[in-house]
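The values are calculated or read from the model by the stated rules, or taken from the named source; none is laboratory data. In this text, all values refer to a predicted model and were calculated from it rather than measured experimentally. A quick note on method: Cβ atoms are made from the backbone with ideal geometry, for glycine too, and the neighbour counts reach across all protein chains shown.
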Ligand code: COS
């Protein structure tokens, strides 16, 4: 369901102003402290950012995909860590419940996720199961009215803040692949669930990831997402489809910021008696970045609109995630080059974005996984 155009424009303007006036000034401090100030988180709650995609009947704004990606473009104007604070509630931590939850699960959790009262996390990756998500080993054994969970999840975004995990675990030990996997809604804290120390990452400081360890952790049978076993992998894949489109849009937003900063610098910085923007080799870098960013935005808007029209866009979303995440890496590299020595020095913020954007090519499916999804789908279509 879409907002009326006037309300949506107002939301987008508010988010744009918030990002540029409130978040941008905190970028360097958040990178340094690896922490987002509590007051900023509170403002995000107030703006409704935690509930962007949660249906209005559960207290969210219910943005469709075309609206969501336009907001994500705006969010990309600043350090991606800010978006991560509420990004799991918008995407991978809520959409499993929206898509496949029971009515009771939706009613119980979605309002609290939409308001930001609780932060959610998506626990799929394990020490020995990353790209091969269907090989996960965390087990959930039925025991009376409960399930007993054992295993370790790795690199889990927002784990240290999370009050709710969408956990993928194997309920059928005899089924080694994707069909043996079920999804659970695990509330935290609880006995048997512990969170590791936050990971020390290359970039995106302020976005916290950690191990989540389950040791005979008991959850009631009602925690089984949708009340059906064996559907967890499919739920995860559907959730990642929407998540990957969102990440592609954020990556494009960061590209726009880097292009803006690079263009300003090219106008202001003088060498050989004139602004470096007058040199054609610098112009070429600006033009290449602009062209690639425009291409990414266009394909993301197209995939989003077609997703809203209920077309199967898994392949197209993988194209968007692949192209946008690789594109912003090239744009960040050119931004460092245009800024010269200043691009390498922390004071100017360009090296921070250079580190931050590297993650876009890894999380929610590596570039290699996106290529596999695209090529498999092409071959399936051509063979049909
Ligand atoms: N939507 C709905 N269902 C999907 C789907 C999607 N996008 N993708 C796959 N499925 C279904 C398949 O249709 C299949 O169903 P059936 O068993 O009924 O045929 C089932 O899920 C298994 O799919 P598939 O055989 O393609 O699984 P694979 O083990 O080959 O894995 C990839 C597929 C590689 C694409 C998957 O493991 C993946 O996305 N890996 C990356 C994980 C990831 O992104 N991790 C990041 C961490 S989360 S931040």
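Check 185, 225, 193, 245 and return the single one that is away from the ligand (no atom under 16 Å from the Cβ), at pLDDT 95 or above and in contact with a helix residue (DSSP H, G or I) (Cβ under 8 Å, 6 or more places away or on another chain). Please lay out each step first, then the result.
Numbers: 225 fails: away from the ligand (no atom under 16 Å from the Cβ); 193 fails: in contact with a helix residue (DSSP H, G or I) (Cβ under 8 Å, 6 or more places away or on another chain); 245 fails: away from the ligand (no atom under 16 Å from the Cβ).
Exactly one residue qualifies, and that residue is 185.
No other residue among 63, 99, 110 is within 19 Å of the chain's Cα centre (by Cα), within 21 Å of residue 245 (Cβ to Cβ) and not in a helix (DSSP H, G or I) apart from 63.
May I ask you to say which residue of 24, 69, 15 is touching a residue at least 24 places away in the same chain (Cβ under 8 Å), closer than 27 Å to residue 295 by Cβ and out of contact with any helix residue (DSSP H, G or I) (no Cβ under 6 Å at 6 or more places or on another chain)? First the steps, then the outcome.
Numbers: 69 fails: out of contact with any helix residue (DSSP H, G or I) (no Cβ under 6 Å at 6 or more places or on another chain); 15 fails: out of contact with any helix residue (DSSP H, G or I) (no Cβ under 6 Å at 6 or more places or on another chain).
After ruling out the rest, the residue left standing is 24.
Residue 381 meets each of the listed conditions (1) within 26 Å of the chain's Cα centre (by Cα); (2) within 15 Å of the ligand (Cβ to nearest atom); (3) part of a helix (DSSP H, G or I) apart from (1). Candidates in the range 157-180 are the residues that are within 12 Å of the ligand (Cβ to nearest atom) and surrounded by fewer than 22 Cβ atoms within 10 Å (Cβ to Cβ); of these, the one that is nearest to residue 193 (Cα to Cα) is 180. Taking (1) without any contact (Cβ under 8 Å) to a residue 12 or more places away in the chain; (2) within 23 Å of the chain's Cα centre (by Cα) in turn, residue 304 satisfies each apart from (1). Filtered by the rule that a residue be near the ligand (Cβ under 10 Å from one of its atoms), surrounded by 13 or more Cβ atoms within 10 Å (Cβ to Cβ) and assigned to a helix (DSSP H, G or I), the range 339-373 gives 369, 370, 372, 373. Within the range 120-156, the only residue that satisfies the criterion of being more than 15 Å from the ligand (Cβ to nearest atom) and either out of contact with any strand residue (DSSP E or B) (no Cβ under 9 Å at 6 or more places or on another chain) or in the same structural domain as residue 94 (by TED's automatic domain parsing) (or both) is 144. Being assigned to a strand (DSSP E or B), away from the ligand (no atom under 14 Å from the Cβ) and either assigned by TED's automatic domain parsing to the domain that holds residue 26 or in contact (Cβ under 8 Å) with a residue 40 or more places away in the chain (or both): is that true of residue 219 here? Yes. Answer with yes or no whether residue 92 is part of a loop (DSSP other than H, G, I, E, B) and in contact with a helix residue (DSSP H, G or I) (Cβ under 6 Å, 6 or more places away or on another chain). Criteria met by residue 92. Within the range 280-303, is even one residue outside any helix (DSSP H, G or I) and under 18 Å from residue 78 (Cα atoms)? Within the range 280-303, not a single residue is outside any helix (DSSP H, G or I) and under 18 Å from residue 78 (Cα atoms).
Let's see how each residue does on (1) part of a strand (DSSP E or B); (2) in contact (Cβ under 8 Å) with a residue 60 or more places away in the chain; (3) in contact with a helix residue (DSSP H, G or I) (Cβ under 9 Å, 6 or more places away or on another chain):
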| residue | (1), (2), (3) |
| --- | --- |
| 142 | yes, yes, yes |
| 150 | yes, yes, no |
| 154 | yes, no, no |
| 168 | yes, yes, yes |
| 172 | no, no, yes |
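The test for being without any contact (Cβ under 8 Å) to a residue 60 or more places away in the chain, closer than 20 Å to residue 359 by Cα and part of a loop (DSSP other than H, G, I, E, B) holds for residue 200.
Given the criterion assigned to a strand (DSSP E or B) and at pLDDT 95 or above, identify the matching residue among 131, 121. Walk me through how you get there before you give the answer.
On the way: 131 fails: assigned to a strand (DSSP E or B).
Being assigned to a strand (DSSP E or B) and at pLDDT 95 or above holds for just one of 131, 121, which is 121.
Considering only the range 250-270, I want to know if a residue exists there that is within 19 Å of residue 356 (Cβ to Cβ) and within 16 Å of the ligand (Cβ to nearest atom). Scanning the range 250-270, I find at least one residue that is within 19 Å of residue 356 (Cβ to Cβ) and within 16 Å of the ligand (Cβ to nearest atom), so the answer is yes. Residue-level check: of (1) crowded, with 20+ Cβ neighbours inside 10 Å; (2) within 12 Å of the ligand (Cβ to nearest atom), residue 71 misses just (2).
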